[in-house]
Amino acid sequence: MTAIDFSQKIVEMIDVVKKFGDFVANDRINLTVHKGEVHSLLGENGAGKTTLVNCLYGLYRPTQGRIRIKGQEVEISDPNAAIQLGIGMVHQHFMLVDTFTVTQNIILGRETTKMMGVLDIARAEKKVAEISERYGLAINPRDKIQDISVGSQQRVEILKALYRGAEILILDEPTAVLTPQEIQELVMIIRNLTQEGKSIIIITHKLHEIKQVADYCTIIRRGKFIDTVEVDKVTEQELASMMVGREVSFAVEKKAQQKGEQILAIQDLVVKDNRGIAAVNGLNLTLHKGEILGIAGVDGNGQSELVEALTGLRKVAGGSITLRGKEITGSKPKEVINRWNIRTIPEDRQKRGLVMEFDVAENLILETYHDTPFSVRGMLNRDKIYAYADHCTQVYDIRPTNPYLTAKSLSGGNQQKVIIAREVSNDPEVLIASQPTRGLDVGAIEYVHTALVNQRDRGKAVLLISFELDEVMNVSDRIAVIFEGKIVGIVDAIGVDENEIGLMMAGGTP
Amino acid sequence: MKLNGEVLKRKFLNGSLGLTLISIVLGFLLGAIILLVAGFNPLEAYWVILKGIFSRSKYISYVIIYATPLIITGLSVAFALRTGLFNIGAEGQYIMGAIMAAAAGYFFKLPLILHVTLAVGLAVIVAAIWGGLAGYIKARFGVHEVISTIMLNWIALYFSNFVVTLKVFGSQGTGKSYAIQSTARINLLSDWKISEAGIEFIRSHKVLGDILKTPINAGIIFAILLAVLVWYILNKTTLGYELRAVGFNPHAAEAGGINVKKSMVISMLISGGLAGAAGAFQVLGVSHRIAKLAAMEGYGFDGIAVSLIGNNTGPGSVFAGLLFGALKYGGSKIQDAMQAPTEVINIMIGTIILFVAMPKLIRLILTILERRAKN
Ligand SMILES: Nc1ncnc2c1ncn2[C@@H]1O[C@H](COP(=O)(O)OP(=O)(O)O)[C@@H](O)[C@H]1O
Ligand SMILES: [Mg+2]
């Protein structure tokens, strides 16, 4: 099945070191990729994966170490040099001009011209179509970027690299933005590419994807090279332990559900986005005590607006929200928090969740600073505030255990723990968790999921909104799929079919 | 050894104090270059300035008098900035405060302490409304406070020039208001100074007498008290917590249940009140009246500089205000002594601010240099 030609080493990175100031992002990393091989890079957030491939693509200069391409030692001074050497890269954020066609984007910067500088679009289009055909990319060269899906845009990026003669393709977290179906399509494309003798370096932290597509896997932990393994010879569990440096449990430990009465009901909700378009458009949903209701969906289907409406940050244009039968539509954020005791883990930690310049203690009281004992007759009671923060850092394992550190100086996982401590410690009736594990590594994800399950097990209601289907399926009791501002289907999480949900997420009917 | 040096360097560079000091030195250096280019000996010029500040107790007294309104307008700008608002309007609020203080000082007849309290109180209230108006316009209509305060500045200036033409307020054609009652003045020992004993004392005591010759007043004491108050409100009260949260991150503050719009209005009310207090103390302690102005006097604008140099804190504003006052007063001396342009002082101050206000720029330059040194 694999197409590896072990006689040809395409990429060799030998003892590559990359420092930013005194910080060592890559510490003597070794990486060998053969012709026709799919090689995955695995590591927690901030492990140094992107830094390593940036060194290969000429975006960074390695501080030390050597790089060989097809056996030749090379200096890759910039991306142009990388392209000359047959290295192509698809970044996590696409670099496409929305209003241009596929072909215009692909030839941007290296336009083929006829005599007298006239663009030879026709020839370029023909070549684009050929490449698309050959690797099964299903791209129409004349489509405008703004009219095609995210998955297609990604394939345009791949096509761009191939057009420029890439032999080695680097994909930095390509699956993060894709629906399950699109991921399967990408897997097929990767197979086609390797059959044709291309080599792939793919970054992902989803272990089952590695098992599915990769031949070899190199694990990096905190900038250090841990090992390169043959993927077929290891389990996902082993990969995870190597990545984190300790045993981790994937399965979210849940007791049998004790589903209680209905607590929150959303009826025909309409919420407009900033452009005045109804992003939430007639949404119906009920939430019960003792359950985690997961909302699955692709980014941009009204999730953010729904959460903002529930938390009082955005005006409701129609419909109603009721808590235990009491109408709470149009409540101010303060009422939602302090009166209705609905708490939120916001999707953007740094924007909505934390005041980055405040210290941990100040962040912990962001919603309760006006209550005794933290405030007495308009005066802050610092002793009480910092004693409380000490307590929270212990209970919620916020590290370092120092309430005087600014939120800015904490890692993403610990920033999230501060938010969880704040939102959960007041025993909320309803906890809304919006993308609670975005950008977190395996260990921190485990922590967040446990916190959500604890709420549920204590008979509270949890609304989980996530773009990660795996997360929704693992954590929830029920799954609602959101598409274009509506709930298009609700299923029980037990025995759910991933493909069925994936189809609904893309707007299809099961 | 080298490692220790590195650590020290980083601490110094990352702290705002170090940055401020470097900026001050750079300001002096650039001032020196300009003097040199203009054909003056910079060392001599700086010596003149230094002497002009410290060589007589009278000079020091003048520096403090110069610094007093700057400290307070600095506090005004700093307070708003801590809530994320750029109060360009301290100038107009200062003017409104000065008008109100001059009016209350002239029209009312009350015992000393009561009269001063009333004049300052009314000045603060009117200026607070003037500042709060900009906050309200922002909260209600989304008009940026820089735009609205610039307009309010002009309105205040023309209003001030209008009221001094009123018959009841000032004698016709002088372009000045009547002087305030003696009970509204905050000058120290003003009656005693002109008594026989006072005149005798001034003549026989060189140092103290020198000070008493200046319009020394209680304004500086109030300025320091206000600096402490600002520090206290921002750091110790629930209100200060709200305002700082809004200033650092309005999105998180809003999500946490803080009323961001209300906070903006409150912050501008307090900021305006502070600027008004600056105008009031200037009238009650130094000018004793208001006069027709050809242009804005710039106390409010200088307050922006003071706030930035003082890192937008209460205590910082006191030191920055004193530095600013000293440079303004001492700098004026190079004109007489050397026929050198006083503009050099403004350029120096400008340079200091440029560097203080752009710490990112400095850090950028340093990292570029570091990178170059490594390659
Ligand atoms: N340009 C840079 N300057 C300084 N530090 C950086 C830079 N780029 C990355 N880093 C740091 O290097 C580490 C590795 O980052 P990265 O390679 O992006 O991690 P990954 O892709 O594995 O999540 C992180 O701690 C990051 O903060
Ligand atoms: Mg990365």
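The values are calculated or read from the model by the stated rules, or taken from the named source; none is laboratory data. Everything numeric in this text was worked out from a predicted model, so none of it was measured. Note: ideal-geometry Cβ built from the backbone for every residue, glycine included; neighbour counts use all protein chains shown. We work out accessible area using only protein heavy atoms, side chains counted, and drop any ligands, DNA or RNA first. Shrake-Rupley method; radii C 1.70, N 1.55, O 1.52, S 1.80 Å.
What to note about this one:
- Candidate residues A:His391, A:His91: accessible-area rank, largest first, probe 1.4 Å: A:His391, A:His91
- In terms of accessible area, using a 1.4 Å probe and ignoring ligands and nucleic acids, A:Thr372, A:Thr51, A:Thr286 rank largest first as A:Thr372, A:Thr286, A:Thr51.
- Counting only protein heavy atoms and using a 1.4 Å probe, the accessible area of A:Phe358 comes to about 0 Å².
- Computed on chain A, with alpha-carbon pairs under 8 angstrom and 6+ residues apart, the relative contact order is 15 percent.
- Percent carbon-and-sulfur accessible area, the range A:243-369, ignoring ligands, DNA and RNA, probe 1.4 Å: 43
- Taking a straight Cα-Cα cut-off under 12 Å and skipping sequence neighbours fewer than 8 places away in the same chain, the aspartates and glutamates within cross-link reach of A:Lys198 are A:Asp5, A:Glu37, A:Glu167.
- Shown is the FRET efficiency for A:Glu130 and A:Asn474, computed with R0 = 35 Å from the Cβ-Cβ distance and rounded to the nearest 0.05: 0.25.
- Residues of type lysines that B:Lys213 reaches as a straight line, Cα spacing below 25 Å, ignoring anything fewer than 8 places off in the same chain: B:Lys51, B:Lys58, B:Lys176, B:Lys193, B:Lys328, B:Lys333
- Rolling a 1.4 Å probe over the heavy atoms of the protein chains gives the protein assembly as shown an accessible area of 45 Å² per residue.
- Estimated at the nearest 10 Å², the accessible area of B:Glu91 is 0 Å² with a 1.4 Å probe.
- Value of relative contact order over the range B:58-339, rounded to a whole percent, pairs C-alpha under 8 Å and six or more apart: 43
- From its DSSP helices (H runs of at least four residues, each -39,500 (n - 2.57)), the protein assembly as shown gives a residue-normalised ellipticity at 222 nm of -15500 deg cm²/dmol.
- With all pairs of separate Cα atoms included, the range A:49-153 yields a Kirkwood hydrodynamic radius of 15.9 Å.
- Only Cα pairs under 8 Å and 6+ residues apart enter the sum, and on that basis the relative contact order of the range A:348-426 stands at 39 percent.
- Amide H partners (placed H, <5 Å) of A:Ser40, local residues excluded: A:Ile202, A:Asp215, A:Tyr216, A:Cys217, A:Thr218
- 17 Å reach of a label modelled at B:Ser182, 7 Å along Cα-to-Cβ, counting backbone N of the range B:95-134: B:105-116
- Within the full protein context, the accessible area of B:Arg289 is estimated at about 80 Å² for a probe radius of 1.4 Å.
- Coordinate range of the alpha-carbon atoms in the range A:348-426 per principal axis, descending: 35, 24, 21 Å.
- Here the dipole of the protein assembly as shown is about 3440 debye; that uses its Cα centre as origin and unit charges on the Cβ of Lys and Arg (positive) and Asp and Glu (negative).
- Shielded residues, the range A:365-379 - accessible-area loss of 30 Å² or more between chain alone and all protein chains, probe 1.4 Å: A:Leu366, A:Tyr369, A:Gly378, A:Met379
- The base-10 log of I(q)/I(0) for the protein assembly as shown, evaluated at q = 0.05, 0.07, 0.11 Å⁻¹, reads -0.41, -0.75, -1.31 [Debye formula, identical scatterers on Cα atoms, solvent excluded].
- B:Ala294/B:Thr174 FRET efficiency (R0 22 Å; Cβ-Cβ; nearest 0.05): 0.90
- The listed residues B:Arg203, A:Arg246 rank as B:Arg203, A:Arg246 when sorted by accessible area, largest first, using a 1.4 Å probe.
- In order along the range A:324-340, the Karplus-derived 3J(HN,Hα) couplings, from 6.51 cos²θ - 1.76 cosθ + 1.60 at θ = phi - 60°, round to 6, x, 9, 5, 10, 4, x, 5, 6, x, 5, 5, 4, 6, 8, 8, 8 Hz, and Gly and Pro are given as x.
- 3J(HN,Hα) along the range B:156-167: 4, 4, 5, 5, 4, 5, 6, 5, 6, 8, 5, 4 Hz, from the Karplus curve 6.51 cos²θ - 1.76 cosθ + 1.60 with θ = phi - 60°, whole Hz, x for Gly and Pro.
- Under the Karplus curve 6.51 cos²θ - 1.76 cosθ + 1.60, θ = phi - 60°, whole-Hz ³J(HN,Hα) for the range A:235-246, x wherever Gly or Pro sits: 9, 4, 4, 5, 4, 4, 5, 5, 5, 8, x, 7
- Distance (nanometres) between label positions extended 7 Å along Cα→Cβ at A:Ile494 and A:Asp371: 3.6
- Of all aspartates and glutamates in the structure, the ones whose alpha carbon falls short of 20 Å from that of A:Lys334, not counting any fewer than 8 places away in one chain, are A:Glu305, A:Glu308, A:Glu347, A:Asp348, A:Glu362, A:Glu367, A:Asp371, A:Glu423, A:Asp427, A:Glu429, B:Glu242, B:Glu254.
- Percent accessible area from carbon and sulfur atoms, the range B:58-339, protein chains only, probe 1.4 Å: 70
- Normalised per residue, the volume of the convex hull around the Cα set of chain B (Å³): 190
- A:Ala256 versus A:Asp98: modelled label distance in nm, points set 7 Å from Cα along the beta carbon direction: 5.2
- Principal axes of the range B:211-366: Cα extent on each, largest first, Å: 59, 45, 30
- When the protein assembly as shown is described by a simple charge dipole with +1 on each Lys and Arg Cβ and -1 on each Asp and Glu Cβ, the residue from A:Val229, A:Val97, B:Met151 located farthest towards its positive end is B:Met151.
- Förster radius 56 Å - calculated FRET efficiency between B:Ser195 and A:Gln394 (Cβ-Cβ, nearest 0.05): 0.20
- A cut-off of 5 Å between modelled amide H atoms, ignoring neighbours fewer than 5 places along the same chain, links A:Leu440 with no other residue.
- In chain A, the inverse of the mean reciprocal separation of distinct Cα atoms equals 25.0 Å; this is its Kirkwood hydrodynamic radius.
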